[in-house]
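The values are calculated or read from the model by the stated rules, or taken from the named source; none is laboratory data. In this text, all values refer to a predicted model and were calculated from it rather than measured experimentally. We place every Cβ from the backbone using ideal geometry, glycine too, and count neighbours over all the protein chains shown. Accessible surface areas use protein heavy atoms only, side chains included; no ligands, DNA or RNA. Shrake-Rupley method; radii C 1.70, N 1.55, O 1.52, S 1.80 Å.
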Amino acid sequence: MRPFLTLARNTFSLVSTRALCSESGSKWIRPAGYDTGIKTFNSLTKQKEPLVLAKEGVATWYSCGPTVYDHAHLGHACSYVRFDILQRILTRLFGINVTHVMVITDIDDKIIQRSLEASEFQSTVLFLQLLNENISPFVLARMYEEEFKRDMTALKVLPPVVYMRVTENIPQIVAFIEHIISNGHAYVTDQGDVYFDTRSIGSRYGKLVNFGDAAEPPEVKDKRDPRDFALWKASKPQEPFWMSPWGKGRPGWHIECSTIASSVFGSQLDIHSGGIDLAFPHHENEIAQCEAYHKCDQWGNYFLHSGHLHLKGSSEKMSKSLRNYITIKDFLQSYSANEFRVFCLLTKYRSAIDYSDASMNEACSTLSAISAFIHNAQAYMQGQLLCQTVQESLLWERLSATQVSVRNALADDFDTPKAVDAIMSLVYHGNCQLQPVTRADGTSRSPAVFGAMLTYIRDIMDVLGVDLLDRKESHDDLSGVLHNVVEQLVHFRSEVRNFALSVEDQATQNLQSSVQPQKKKQHPDRVPLLKACDALRKDLVPLGVQIKDRGTTSTWEITQQQKETKNKER
């Protein structure tokens, strides 16, 4: 890593949640348009700002997709799931139609290098048919692109309206560079490289990170300023290339996003998102390129950045280059997509997040608590759970207060931890009213308020992308058959169990004894039946069926089988 870039990245990381400089914040221009009533933290100002969209009911959103040279890992998953949550909130809760475009970087130094290292992947199934051969960087990129998309589907991340590949936009990139040169903001070297001229835009370079007057000597002899960055790279031996007015070459990293975002959204973008590590140099340089191309003072109105994912006890982010990552596929062998999403919900999207067994257990416990409440409330509503008299008016009040609290929390920079706290408080108050009793006291039940609570909890969790009904994880036809089979099995077991629990007839006991009536007792010969019923209930638990005996009735639910998470080194 070059010293200048290293210093800049470290500086941004250390103060990413504070104001980097007063000057950069004052440059932001509040957009004219539709005020959504939402406030969001804007990296351009380092503070919360009202979210104002150019067009009512529509948000244009661009995000940097993956560089497809290796498996996606949990660090990537965390960022994509967090922004998926934000987009779902905008769409489902606030009625804003998000037009999301994502770029796939399918040509890059890392992709080229990896394609030349095919022999290292001899044990990888992905390369089984390509042993001892150099893989085309385009083939390698397509392989990992498809794997990335499968991973996102498995994590229930909604796809953008369109994925756009860099290699399919080379003519547009060349034209974009030509226009920047004609506007006086880039220069061509004798070697056929094209660099952006940061001095040409003066103090406007540094909207995310302000460098002041950097005075380091150029590290590349053809660069006029150490901050200048490549728009076009002259080709080297064994590298793919495209023809351009400056000779054979390929695009620089940053120019691809500026070109593609501008080709779709024009000279103004509502929201740009990415991980905090992309703020510099990538997003900083995108801003410079777009404003130089469009001759505008502000191209992107809001930059949203997600915090890093760290392994517990490590200060370093999860990263391919550091080899400290867990692939999404491996993770989903131990946990579900719902559990990972709850894990993401328990911290603010722009905060760093620690990954550990303990943090995942907290997410699993939260999800289990919600599922248990839903199951118990359904049993109560169906008359299978006898409870004390419910304070119905209290629950209606709590439900109304929760709806307000959750909406307010999500309108305040998408504060999902606060929203989850409000939901869990509603669950707590619901559970307090579901105190079982052994005998009905004749009072009427209150199914309506519990029905409303369950509907709200399911709906708001679905807004956040957590499917409590597991509809996407079930096989529709087989699920229906399984439901009916289990229902009949539990009904048969209940009849056998009630028969086993029945006591000897009182009159028979009195005829057999001249003394005072004895305490009712079970038929001794039916005890094995009762033990068999208990054994069946226990045996079904590891198979994903949980039966709860409630007096003379029994309820059941299909639960996800607990996956092994024992002491994995992460």
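Could you tell me which residue of segment 148-162 is most open to solvent (accessible area, probe 1.4 Å), considering only residues that are in contact (Cβ under 8 Å) with a residue 40 or more places away in the chain and assigned to a helix (DSSP H, G or I)? For segment 148-162, the residue satisfying everything is Ala154. In the condition set (1) modelled with pLDDT of 95 or more; (2) assigned to a loop (DSSP other than H, G, I, E, B); (3) polar (S, T, N, Q), Ser262 is compliant with all but (2). Here is the figure for segment 177-200: residues that are open to solvent by 10 Å² or more (accessible area, probe 1.4 Å), assigned to a helix (DSSP H, G or I) and closer than 13 Å to Asp225 by Cβ total 2. Filtering Ala363, Ala352, Ala369 for residues that are open to solvent by 50 Å² or more (accessible area, probe 1.4 Å), under 26 Å from the mean Cα position of the chain (by Cα) and within 28 Å of Asp412 (Cβ to Cβ) leaves a single hit, Ala352. Remark: pairs (first residue in segment 227-247, within 14 Å of Val194 (Cα to Cα) and part of a loop (DSSP other than H, G, I, E, B); second residue open to solvent by 60 Å² or more (accessible area, probe 1.4 Å) and of a type in the set (Val, Ile, Thr); Cβ separation under 8 Å; 6+ apart in sequence or on different chains) = Trp246/Val188. Cβ separations smaller than 8 Å between residues 6+ apart or across chains give the following pairs from segment 355-377 residues that are free of Cβ contacts under 8 Å to residues at least 24 places away in the same chain to residues that are assigned to a loop (DSSP other than H, G, I, E, B) and open to solvent by 20 Å² or more (accessible area, probe 1.4 Å): Glu362/Leu346. Selection of segment 52-69 for residues being open to solvent by 10 Å² or more (accessible area, probe 1.4 Å), in contact with a Lys or Arg (Cβ under 9 Å, 6 or more places away or on another chain) and either over 21 Å from His254 (Cβ atoms) or part of a strand (DSSP E or B) (or both) yields only Thr67. Residues in segment 284-295 that are of a type outside the set (Asp, Glu) and either closer than 12 Å to Phe176 by Cα or touching a Cys at 6+ places or on another chain (Cβ under 8 Å) (or both): 5 in all.
Checked against the criterion of being aliphatic (A, V, I, L, M), surrounded by 14 or more Cβ atoms within 10 Å (Cβ to Cβ) and at pLDDT below 95, segment 432-439 contains one or more residues that satisfy it. Are any residues in segment 440-462 within 30 Å of Pro50 (Cβ to Cβ) and buried (at least 18 other Cβ atoms within 10 Å of the Cβ), and if so, which ones? Of everything in segment 440-462, those that are within 30 Å of Pro50 (Cβ to Cβ) and buried (at least 18 other Cβ atoms within 10 Å of the Cβ) turn out to be Ile457, Ile460, Met461.
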